[in-house]
Amino acid sequence: MGTVQNRGVNMADEWKPIDAAPQNGSVFLGYRDGKVREAWRVPRNDCEMWVFGGQSGSAEFAPQLKPTHWMPLPPAPRTE
């Protein structure tokens, strides 16, 4: 996979395959087709549903919403 630049940070070595992503609704950074978006898997028993960049759909009918890779969200900014 090519290098993704996000605000000057090289994230190429930190992406994990989507199969290793949390399955419990936890939010993470998702990657697909050169796009980095907030993403999560919707916990459902009847289908594999994803949210990617504010859009949701099942992997069967909206495969473009299933990220190919993921990484945890960065920590929140420190308040001083």
Pull up the stretch 1-24, narrow it to residues that are assigned to a strand (DSSP E or B), polar (S, T, N, Q) and open to solvent by 60 Å² or more (accessible area, probe 1.4 Å), then point me to the one that is modelled with the highest pLDDT.
Asn10
What is the residue count in the stretch 24-55 for residues that are in contact with a Lys or Arg (Cβ under 6 Å, 6 or more places away or on another chain) and basic (Lys, Arg)?
0
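This table checks each residue for (1) over 17 Å from Gln23 (Cα atoms); (2) part of a loop (DSSP other than H, G, I, E, B); (3) of a type in the set (Gly, Ala, Ser).
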site: Val36; (1), (2), (3): yes, no, no
site: Ala39; (1), (2), (3): no, no, yes
site: Cys47; (1), (2), (3): no, yes, no
site: Phe61; (1), (2), (3): yes, yes, no
site: Gln64; (1), (2), (3): yes, no, no
site: Pro67; (1), (2), (3): no, yes, no
site: Pro74; (1), (2), (3): yes, yes, no
Filtering the stretch 49-59 down to residues that are assigned to a strand (DSSP E or B) and either in contact (Cβ under 8 Å) with a residue 60 or more places away in the chain or within 10 Å of the chain's Cα centre (by Cα) (or both), which residue is nearest to Trp15 (Cα to Cα)?
Phe52
Reported set for the stretch 25-68 where residues are among the hydrophobic types (A, V, I, L, M, F, W, C) and open to solvent by 80 Å² or more (accessible area, probe 1.4 Å) is Phe61
Given the criteria modelled with pLDDT of 95 or more, open to solvent by less than 100 Å² (accessible area, probe 1.4 Å) and out of contact with any helix residue (DSSP H, G or I) (no Cβ under 7 Å at 6 or more places or on another chain), does Met71 qualify?
yes
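The values are calculated or read from the model by the stated rules, or taken from the named source; none is laboratory data. Everything quoted here is computed from the prediction, not taken from an experiment. Neighbour counts are summed over all protein chains in view; Cβ atoms, including those assigned to glycine, are modelled from backbone coordinates with ideal geometry. Ligands, DNA and RNA are excluded from the accessible area calculation, which covers all protein heavy atoms including side chains. Shrake-Rupley method; radii C 1.70, N 1.55, O 1.52, S 1.80 Å.
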